[in-house]
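Asker: Got a structure for you, written out below as structure tokens; questions coming shortly.
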Amino acid sequence: MTEIRNVAADLARFRRRVLVISLAVLAAFSLLGMRLFYLQVTRHDDLAAQAESNRTAVVPVVPNRGLILDRNGIVLASNYSAYTLEITPSKVQDLEATLDELAQIVDIQPRDRRRFKRLREDSRSFDSIPIRTRLTDEEVARFAAQRYRFPGVEIKARLFRNYPQGELASHVLGYIGRINQREKAAMEDWPEEDQANYKGTDYIGKLGIEQSYEKVLHGQTGVEQMETSAGGRAVRRLASHPATPGDTVMLTLDIKLQKLVEDMFGERRGALVALDPRTGEVLAFVSKPTFDPNLFVEGIDTESWQALNESIDKPLLNRALRGTYPPGSTYKPFMALAALQLGKRAPNVVVNDPGYFTYGGHTFRSHEGGLGGVDMVRAIQYSSNTYFYSLAVEMGVDAIHDFMKPLGFGQVTGIDLGGEVRGVLPSTEWKRNNYKRPELKKWYAGETVSLGIGQGYNNFTMLQLALAEATLANGGTRYRPHLVRAIKNTVTGQVDLVPQPPGEDLGYQKKNVDVVRTGLVAVNKGGTGTRVFAGAAYTSAGKTGTAQAVSLGQGVRYNAKALEEHQRDHSLFAAFAPAEDPRIAVAVIVENAGFGAAHAAPIVRRVFDYWLADQYPNEQDMAAVRIGKASAPIGKPLVASQMPWPPTAGGASTAP
């Protein structure tokens, strides 16, 4: 039987299907249109930026670090450009195998591997770490030809810090080194602007001026927009904003004077600080022995670090800033000034010096045989221990403390270097706070006796002693010591003086200062400094000092030959000149060298000759000073202003 189809129903059903399909297609195209509108219109700017970022890369441009100059414009820290071979550990599958293969192309020594390992421990896996620096052109060419074999390894052109004077003034300049994890963590607390300015920066100042003036020396980071390939390699530069070099830091330091002092120390240990008493400018800031800051720029090798860190001479210790010592007899003039200012003793009061001082059943030694009757000037001139023992007892520890504190003893001076220590200016409160056992907290009257001659608990830096000497030299006005005189803008060339606080008048009476000054001049005219300053073209005022490195029992006579070298007395000298109008004040210590007039004072004499008379020691004189066998200059001095710079090997011996 033949079925009769309902054409009308089929047609209606077909139309419904077409309508549904049409609606589905329309909906699909509507969704596509909406999506297209969303992508092309709504998110156009965002997606365009993403596309651009895929095509381009923004690279920070690290600025050239600023220069450091001495007061006469001599360069003490500069930069040089060199190629480095660097590895990004996260991009290397087998690091050891890669290093072995690289060693067949460029020279990689065991010390390079050790340094790389140490730097890797202080860095993140995606940081680029140098395995070799200062590649030769030949090494660069050899690696470039085989670069395809080493993913994650590349050659970069970098700027490196250079200290052209080597070890000279290293404790002042400090050094720069790679930023470690601790420093990176500290930088996270910086303002966002400062953090952004250090993008791409791998090195930072670690010590000295490099650290104190880091933000000034660093400069402003620039940016470059680079077009990149699909593999991430730079194709061309699209735009750039150049980096601004760091500013130039101009020091108060006279590097020629600094070198003269360091040369005179020779192999001996010690420190010297020379100040302009009228301004607080630091003219020389010496700590011996020194170190070569260039060793730290690329990461110091293990052998060099051990040699510096384990040396008994402690070359990394900044003795002028952080070394503390008893001031010895250089403290006596300040004791005399305290007595005058506080009305404890008149200058004409005569004290009998029999060669000892007895107090509380203890005998304290003085000059053998005694000096007889001495007034204040004569006590300073001949350094009577008995006079100042008795004076200390009359004044008491707290009165001594309160007078010495404004002079800077036992205080942070505020010099523009980090890491300064306070030392110890004793008082009853100090002892109560620094000892735990009840019987040790108490101050005993007998402990005051030794304070009068700069011994006992007294422990100060040479910077503090130099500041006190400068304050005395200018009549009682204290200026903050500083090493940076001015900042020179690298772009504009404008030089701006670094502002300093005004001098603080400590209120000394001129007649009292004059008494002490008279005693100090007498030291160099008829006292312990007479031979050293014989024939000087100026009048100087000074005080020798000998300070104990180790304590001796009561009644035990000091015998240098019976002691180890590091246990012998220190040699000190503090002085200023010209006495009537001081332009320089100096404090110096030569460790374990003995009598102040034999080792410390001859150095100061030649510093004064250089600064005031344009004189420089000849070869014979220099050799004698280095071993403590000189007093006044030997032979005809050289003309300081005619000494060659940079110096040639041998120092003064090569001068014309």
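Asker: Only one of (1) open to solvent by less than 10 Å² (accessible area, probe 1.4 Å); (2) assigned to a helix (DSSP H, G or I) fails for residue 329. Which number is that?
Answerer: Tallying (1) open to solvent by less than 10 Å² (accessible area, probe 1.4 Å); (2) assigned to a helix (DSSP H, G or I), residue 329 fails exactly one: (1).
Asker: With the requirement that a residue be surrounded by fewer than 21 Cβ atoms within 10 Å (Cβ to Cβ) and either within 25 Å of residue 336 (Cβ to Cβ) or without any contact (Cβ under 8 Å) to a residue 60 or more places away in the chain (or both), what does the range 414-429 give you?
Answerer: 422, 424, 428, 429
Asker: So, one more: Test residue 106 against the criterion of being open to solvent by 20 Å² or more (accessible area, probe 1.4 Å) and of a type in the set (A, V, I, L, M, F, W, C), and give yes or no.
Answerer: no
Asker: Against the definition (assigned to a loop (DSSP other than H, G, I, E, B), modelled with pLDDT of 85 or more and within 30 Å of residue 487 (Cβ to Cβ)), how does residue 71 come out, yes or no?
Answerer: Taking the combined requirement at face value, the residue satisfies it.
Asker: Next question, about the same structure. Output the number of residues of the range 109-121 satisfying the condition of being surrounded by fewer than 15 Cβ atoms within 10 Å (Cβ to Cβ) and out of contact with any helix residue (DSSP H, G or I) (no Cβ under 8 Å at 6 or more places or on another chain).
Answerer: Count: 4.
Asker: Now for a separate question. Any idea which residue in the range 289-326 is nearest to the chain's Cα centre (by Cα), counting only those that are closer than 17 Å to residue 133 by Cβ and assigned to a loop (DSSP other than H, G, I, E, B)?
Answerer: 293
Asker: I would also like to ask the following. So how many residues does the range 161-183 have that are open to solvent by 40 Å² or more (accessible area, probe 1.4 Å) and either among the acidic types (Asp, Glu) or within 21 Å of the chain's Cα centre (by Cα) (or both)?
Answerer: Qualifying residue count, the range 161-183: 5.
Asker: How many residues, within the range 567-598, are of a type in the set (A, V, I, L, M, F, W, C), in contact with a His (Cβ under 9 Å, 6 or more places away or on another chain) and open to solvent by 10 Å² or more (accessible area, probe 1.4 Å)?
Answerer: 1
Asker: Out of the range 342-395, which residues are open to solvent by less than 50 Å² (accessible area, probe 1.4 Å) and among the aromatic types (Phe, Trp, Tyr)?
Answerer: 357, 364, 387, 388, 389
Asker: Among the residues of the range 516-526, which ones are within 18 Å of residue 404 (Cα to Cα) and open to solvent by 20 Å² or more (accessible area, probe 1.4 Å)?
Answerer: Listed by number, the list holds a single entry, 517.
Asker: Also, I was wondering about something else. Restricting to the range 90-103, and then to whatever is among the small types (Gly, Ala, Ser) and free of Cβ contacts under 8 Å to residues at least 24 places away in the same chain, can you tell me which residue is surrounded by the most Cβ atoms within 10 Å (Cβ to Cβ)?
Answerer: 103
Asker: Mind listing whichever residues of the range 186-212 are basic (Lys, Arg) and either under 20 Å from residue 61 (Cα atoms) or in contact with an Asp or Glu (Cβ under 6 Å, 6 or more places away or on another chain) (or both)?
Answerer: Initial filter on the range 186-212 (basic (Lys, Arg)): 199, 206.
Hit for the range 186-212 is 199, nothing else.
Asker: Could you list, in sequence order, the residues of the range 125-139 that are farther than 23 Å from residue 301 by Cβ and either surrounded by 14 or more Cβ atoms within 10 Å (Cβ to Cβ) or out of contact with any helix residue (DSSP H, G or I) (no Cβ under 7 Å at 6 or more places or on another chain) (or both)?
Answerer: 137, 138 - these are the residues of the range 125-139 that are farther than 23 Å from residue 301 by Cβ and either surrounded by 14 or more Cβ atoms within 10 Å (Cβ to Cβ) or out of contact with any helix residue (DSSP H, G or I) (no Cβ under 7 Å at 6 or more places or on another chain) (or both).
Asker: Output the number of the condition that residue 447 fails; it satisfies all remaining conditions of (1) open to solvent by 10 Å² or more (accessible area, probe 1.4 Å); (2) in contact (Cβ under 8 Å) with a residue 40 or more places away in the chain; (3) in a loop (DSSP other than H, G, I, E, B).
Answerer: With respect to (1) open to solvent by 10 Å² or more (accessible area, probe 1.4 Å); (2) in contact (Cβ under 8 Å) with a residue 40 or more places away in the chain; (3) in a loop (DSSP other than H, G, I, E, B), residue 447 is out only on (3).
Asker: What are the residue pairs meeting all of these: first residue in the range 364-384, first residue within 18 Å of residue 595 (Cα to Cα) and among the hydroxyl-bearing types (Ser, Thr, Tyr), second residue in a helix (DSSP H, G or I) and open to solvent by less than 20 Å² (accessible area, probe 1.4 Å), Cβ atoms under 6 Å, and 6 or more apart or on different chains?
Answerer: These pairs meet every condition: 366/386; 383/329.
The values are calculated or read from the model by the stated rules, or taken from the named source; none is laboratory data. Computed from a prediction, not measured in an experiment: that's the story for all the values here. Note that each Cβ is placed from the backbone with ideal geometry, even for glycine, and that neighbours are counted across all protein chains shown. Side chains included, ligands, DNA and RNA excluded: accessible areas come from the protein's heavy atoms. Shrake-Rupley method; radii C 1.70, N 1.55, O 1.52, S 1.80 Å.
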